[in-house]
Amino acid sequence: MNERDTLLTRAARHAQDYLAAVADRPVRATLTGDELRRLLGGPLPDQGDPPLAVIDRLAGAAGSGTVASQGPRYFGFVVGGSYPAATAADWLVSAWDQNCGIFALSPLVSVVEDIAIGWVRGLAGLPASWNGGFVTGCQMANFAALAAARHHVSRSAGWDIEANGLVGAPPIEVVVSDEAHYTIFMALRMLGLGAARARRVPTDGQGRMRTDELAAMLRDGSGPCIVCAQAGNVNTGAFDPIADIADAARSRGAWLHVDGAFGLWAAASPSLSGHIRGIDRADSIATDGHKWLNVPYDCGIVLTAHPSSERAAFTLDAAYIVRDVAERDPHEFVPEESRRGRAVPVYAVLRALGRQGLRDLVDRCCALARRMAAALQPDPAVRILNDVVLNQVLVRFEPPGGGDADAFTRQVIAGVQEDGTCWAGGTTWHGMAAMRISISNWSTTEADIDRSAEAIRRVATGAGVSR
Ligand SMILES: *Cc1c(COP(=O)(O)O)cnc(C)c1O
């Protein structure tokens, strides 16, 4: 075998070994930062190491230095694993090493991206006039969508924001949910719209935007306006009432953006798609591939009903750019220029699952979330804080006999992470410390849920005793 093939074969072997072990190892990383630096660091060698040794060194640290988020019992943040078809397709992306900024640089990836956008659009029930692009994650998808929004509402007020910037521009009113994801505020910052200037609409007990409050806020306004709604609250999984928000936004002449990082995929399930009713009346949507769709990091998707505004925000001509007017240049929809073929694993997973497979994935994760809540609920120390409407479960632990439930909850979370059977993170929900459990991985089974619930209850009981 030549050296290239030897390397690729060895890497494939390492990857297979890693994945074969990922369900049975502690879910947390067991190496510290210093231990990893000792294994991997040191001065840059003057004479390079043999490539095979480099790959072996990296792989040797992976089993204990990574977090087993590819495994079935990682419930932290909203992460998701990667379907084998998506991982395999991603290997091809690296082997092809295509720059998919423009069609001329990679006809294949441009076309695959076009197809994948079309499939996602179809799943979400959006008309063919929508278009979009692939970015690193929902942070950049929110940014890209809001850049198009900023262009669109400014132009309606007679201002060319790309040419003239924000100095002297008609002010843009930005209205967001009080529980908007922090990446919305980061996007507003990067766009010069100011995170703190956004008006925040109060939410209800599940974290949904209150449309009566929104309507009151929008009633007397005029001028450029952007409204940001959310499909899938990161804590509760709850959906803002998008159809009602669309009504309010329309009557104000506002651009409606929906952050559907994981919640958009509810579209795949007939029993859940009612949650996103009205999303076709939005002007833009941001979502993630690397969360619930289970493609490898990194992958976010921006979709817009106004492709010309997306293009206006991001297209600049250069003399050497070869433009094929009959074809779609992927960079026109996103801020990045040179980039990898993120659409390829999305294409692979959608093609391999089909509508039915995606629907099963989404329904299964939601059923497992309900199973988790049901398995924890009987414990007198446990309080489920949310209506489990999607794949998120929010749990608070109350010390038997009373006491500081915030401290107790944090103690249980730390104990569960240390135990290693599963991994769940902490959050603060409406002033209360809580454990956040997100079921987003294709490989999680009922047995994984039962085993994890048992570990959580065992840790909670132990924490109670050791207090
Ligand atoms: C995860 C998430 C984001 C940010 O997505 P990244 O992929 O981390 O950039 C934005 N909004 C919501 C609702 C999310 O859950």
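The values are calculated or read from the model by the stated rules, or taken from the named source; none is laboratory data. These numbers were taken from a predicted model, which means no experiment stands behind them. Note: ideal-geometry Cβ built from the backbone for every residue, glycine included; neighbour counts use all protein chains shown. For the accessible areas, the whole protein counts, side chains as well, though only heavy atoms, and no ligand, DNA or RNA atoms are used. Shrake-Rupley method; radii C 1.70, N 1.55, O 1.52, S 1.80 Å.
The table below gives the values:
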| quantity | calculated |
| --- | --- |
| The range 67-99 - residue that is hydroxyl-bearing (Ser, Thr, Tyr) and away from the ligand (no atom under 16 Å from the Cβ) and, of those, nearest to Leu361 (Cα to Cα) | Tyr83 |
| Ala313 touching an Asp or Glu at 6+ places or on another chain (Cβ under 7 Å), in a helix (DSSP H, G or I), more than 16 Å from the ligand (Cβ to nearest atom) and open to solvent by less than 30 Å² (accessible area, probe 1.4 Å) | yes |
| Residue match in the range 229-237 (condition: buried (at least 20 other Cβ atoms within 10 Å of the Cβ), within 15 Å of the ligand (Cβ to nearest atom) and farther than 23 Å from Trp292 by Cβ) | no |
| Contacts under 6 angstrom Cβ, first residue in the range 116-139 being under 16 Å from Ser284 (Cβ atoms) and away from the ligand (no atom under 16 Å from the Cβ), partner open to solvent by less than 20 Å² (accessible area, probe 1.4 Å) and in a loop (DSSP other than H, G, I, E, B), 6 or more apart | Arg121/Trp130 |
| Meets criteria (open to solvent by less than 30 Å² (accessible area, probe 1.4 Å) and out of contact with any Phe, Trp or Tyr (no Cβ under 8 Å at 6 or more places or on another chain)) for Val167 | no |
| Of all residues making up the range 258-286, the number that are within 15 Å of the ligand (Cβ to nearest atom), more than 11 Å from the chain's Cα centre (by Cα) and more than 22 Å from Ser129 (Cα to Cα) | 1 |
| Count - residues of the range 170-189 that are surrounded by 16 or more Cβ atoms within 10 Å (Cβ to Cβ) and more than 11 Å from the ligand (Cβ to nearest atom) | 6 |
| Neighbours by Cβ (under 6 Å, 6+ apart or cross-chain): first from the range 1-18, closer than 20 Å to Tyr83 by Cα; second among the small types (Gly, Ala, Ser) and in a helix (DSSP H, G or I) | His14/Ala59; Tyr18/Ala62 |
| Among the residues listed as Val412, Val344, Val349, Val389, the single one being farther than 29 Å from Phe134 by Cβ and either at pLDDT below 95 or not aromatic (Phe, Trp, Tyr) (or both) | Val412 |
| Hits in the range 384-434 (condition: farther than 16 Å from Gly207 by Cα and in a strand (DSSP E or B)) | Arg396, Phe397, Trp423, Gly425, Gly426 |
| Single unsatisfied condition, Trp255 versus (1) under 28 Å from Glu162 (Cα atoms); (2) within 16 Å of the ligand (Cβ to nearest atom); (3) hydrophobic (A, V, I, L, M, F, W, C) | (2) |
| Lone qualifier among Gln392, Gln417 - being in contact (Cβ under 8 Å) with a residue 24 or more places away in the chain and either of a type in the set (A, V, I, L, M) or under 20 Å from Leu293 (Cα atoms) (or both) | Gln392 |
| Residue list for the range 196-228, filter: open to solvent by 50 Å² or more (accessible area, probe 1.4 Å) and either within 21 Å of Cys138 (Cα to Cα) or within 14 Å of the ligand (Cβ to nearest atom) (or both) | Ala196, Arg200, Arg208 |
| Inter-residue pairs, beta-carbon under 6 Å, first among the acidic types (Asp, Glu) and in the range 77-95, second modelled with pLDDT of 95 or more and in a helix (DSSP H, G or I), 6+ apart | Asp90/Pro345 |
| Lone unmet requirement of (1) within 23 Å of Ala246 (Cβ to Cβ); (2) under 21 Å from the mean Cα position of the chain (by Cα) for Gly137 | (1) |
| Checklist (1) within 12 Å of the ligand (Cβ to nearest atom); (2) touching a strand residue (DSSP E or B) at 6+ places or on another chain (Cβ under 9 Å); (3) open to solvent by 10 Å² or more (accessible area, probe 1.4 Å) applied to Gly289, failing item | (3) |
| Any chance Thr409 is open to solvent by less than 10 Å² (accessible area, probe 1.4 Å), of a type in the set (Ser, Thr, Tyr) and more than 25 Å from Trp292 (Cβ to Cβ) | yes |
| Count - residues of the range 292-309 that are open to solvent by less than 10 Å² (accessible area, probe 1.4 Å) and within 16 Å of the ligand (Cβ to nearest atom) | 9 |
